[in-house]
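S.K.: This is the structure, below, for whatever I ask next.
Bear in mind these aren't lab numbers, they're just calculated from the coordinates by the rules spelled out. All figures in this text were calculated on a predicted structure; none of them were measured in a lab. Every residue, glycine as well, gets a Cβ built from its backbone with ideal geometry; the counts of neighbours run over all protein chains shown.
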Amino acid sequence: MILTFISLEKIIDPLVVTESILIPYRELHFSFVRSSGPGGQNVNKLATACQLRFDLRNSPSLTEEMRERLYRIARNRINREGILVIDARRFRTQEGNRQDALQRLLKLLQRASRPPVRRVPTRPPAASVRLRLQLKKQRGEIKQGRRRIDSDEE
């Protein structure tokens, strides 16, 4: 009985992405299906593979910028309805796969929460420009030497 209470407490706590972004567990939907791979006869009896579904389109927890970044980052895992689907089947237990799916979702959300770093255009150093022009000149001289010599030019 106490174990059930502890697991319920665990479900009530929100998923903490950053200090300001919390995802309540009611927005996450878990379903368990039969997993392929190792597991002996249990593979045919137990539903251990976890599918985590998170509705990106309708989630009030996400900012619009974060939602757009998530669509870009995880576009192959988002269906037409705007639901992010994470498939976890690495472990042989439901709890292990559930934790794995949560960790993968958390990594995606944390990555989307950081704005991309803008590239600052820089000029090449003068030394590298000089070297490039010198190498171009040498290459041109090599190619010049391959020309056919006409008798008119002499």
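S.K.: Describe numerically, in nm with one decimal, the distance between label points set 7 Å from Cα along Cα→Cβ at Asp55 and at Gln110.
M.R.: Taking the simple label geometry, Asp55 and Gln110 are separated by 2.7 nm.
S.K.: Tell me, what ³J(HN,Hα) does each residue in the stretch 89-94 have, in order and in whole Hz, if you take phi through Karplus 6.51 cos²θ - 1.76 cosθ + 1.60 with θ = phi - 60° and put x for Gly and Pro?
M.R.: Coupling constants for the stretch 89-94: 9, 6, 9, 9, 10, 4 Hz.
S.K.: Calculate, for Ala127 and Asn76, the FRET efficiency according to 1/(1 + (r/R0)^6) with r their C-beta to C-beta distance and R0 41 Å; round to the nearest 0.05. Present the calculation step by step, with values, prior to reporting the outcome.
M.R.: Details: r = 44 Å, r/R0 = 1.07.
FRET efficiency, Ala127 to Asn76: 0.40.
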